[in-house]
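Chemist: I have a structure here, written as structure tokens, and I will follow up with some questions on it.
The values are calculated or read from the model by the stated rules, or taken from the named source; none is laboratory data. Fair warning: this is a prediction, and the values are worked out from it, not measured in the lab. Quick reminder, even Gly has a Cβ in these numbers, built from the backbone with ideal geometry, and neighbours come from all protein chains shown.
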Amino acid sequence: MLGPVLSRTSTFHFEAVRALWSSPFNMRTAEFHLASGDPRRVDCASRSRTWFDAGLAALGVEATRSRVPYEDAEMETIFLRSPRPDARDVLVVHGGFDSTPEELYFVIGAGALERGFHVLLYEGPGQGNLLREFGMPFTPDWERPAATAIDSLGRHCDPGAIIGVGLSFGGHLLARAVSKERRYDAIVLFDYFPGMLRAFTHKMPRLLRGRITAMPAWLQLLIRLNARYDAELRWATRCGRSV
């Protein structure tokens, strides 16, 4: 059914792709709010990836999804090839606490391709399949997954400049990675914040912020009590403990 629709006009083409991409983001939203141990998460994520890839194909974006060895697991990457024949520079992009590579295509990937960059999107520990399938939580040693991502570039291109992009909490992780991984030619800390505790306390009164250097027991108890009556807080704390 899709082929005839795409062949009619550019308007039909756009509407068909938009319809395709409504499915992966519906599945992404479903997976996002399921409990960390819910077996449906893997299926939701798989369906989301399948429909997202179909949308890229419908747009004619040359994309290669790979699983590369990482320690005792497999890291998932998406390489997006620029349509410009002289392209060599690569953006190596990762998210933070709760983003996915598919979302990063819209934030960074599409615009970078138009401007002559290749793009590698990847997920590290605490994210995506490394968390869902292999149970790997976040690591402060982000230079390890970063090195694996950069190593994988040779499968796809002969990279010129390698520019790291970390979004949100990913900016915090990238700042750590670049202190150890020397192959980055430049980095972008996009919507960077300095740490999870700072993010948690930034709305507190200024006098309290400086006094909280770790999550005190009384505050943890208060959060657990409030979570009994707040579904969003209950989900957020449960999700935070799982990564």
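Chemist: Of the numbered conditions (1) out of contact with any strand residue (DSSP E or B) (no Cβ under 6 Å at 6 or more places or on another chain); (2) surrounded by fewer than 17 Cβ atoms within 10 Å (Cβ to Cβ), Q127 satisfies every one except a single condition; which is it?
Modeler: With (1) out of contact with any strand residue (DSSP E or B) (no Cβ under 6 Å at 6 or more places or on another chain); (2) surrounded by fewer than 17 Cβ atoms within 10 Å (Cβ to Cβ) applied to Q127, the lone miss is (2).
Chemist: Which count do you get for residues in segment 141-180 that are among the small types (G, A, S) and farther than 15 Å from L120 by Cα?
Modeler: Qualifying residue count for the region: 5.
Chemist: Looking at segment 141-189, which of its residues are of a type in the set (F, W, Y) and surrounded by fewer than 18 Cβ atoms within 10 Å (Cβ to Cβ)?
Modeler: Y184, the sole residue that qualifies.
Chemist: Next question. Can E181 be described as of a type in the set (D, E) and either at positive phi or touching a Leu at 6+ places or on another chain (Cβ under 9 Å) (or both)?
Modeler: It is false that E181 is of a type in the set (D, E) and either at positive phi or touching a Leu at 6+ places or on another chain (Cβ under 9 Å) (or both).
Every residue, every condition in (1) in contact with a His (Cβ under 8 Å, 6 or more places away or on another chain); (2) modelled with pLDDT under 90; (3) more than 21 Å from V178 (Cβ to Cβ), yes or no:
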| residue | (1), (2), (3) |
| --- | --- |
| R49 | no, yes, yes |
| E71 | no, no, no |
| E74 | no, no, yes |
| E102 | no, yes, yes |
| F106 | no, yes, yes |
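Chemist: Is segment 149-156 home to any residue that is basic (K, R), closer than 19 Å to A63 by Cα and touching a strand residue (DSSP E or B) at 6+ places or on another chain (Cβ under 9 Å)?
Modeler: yes
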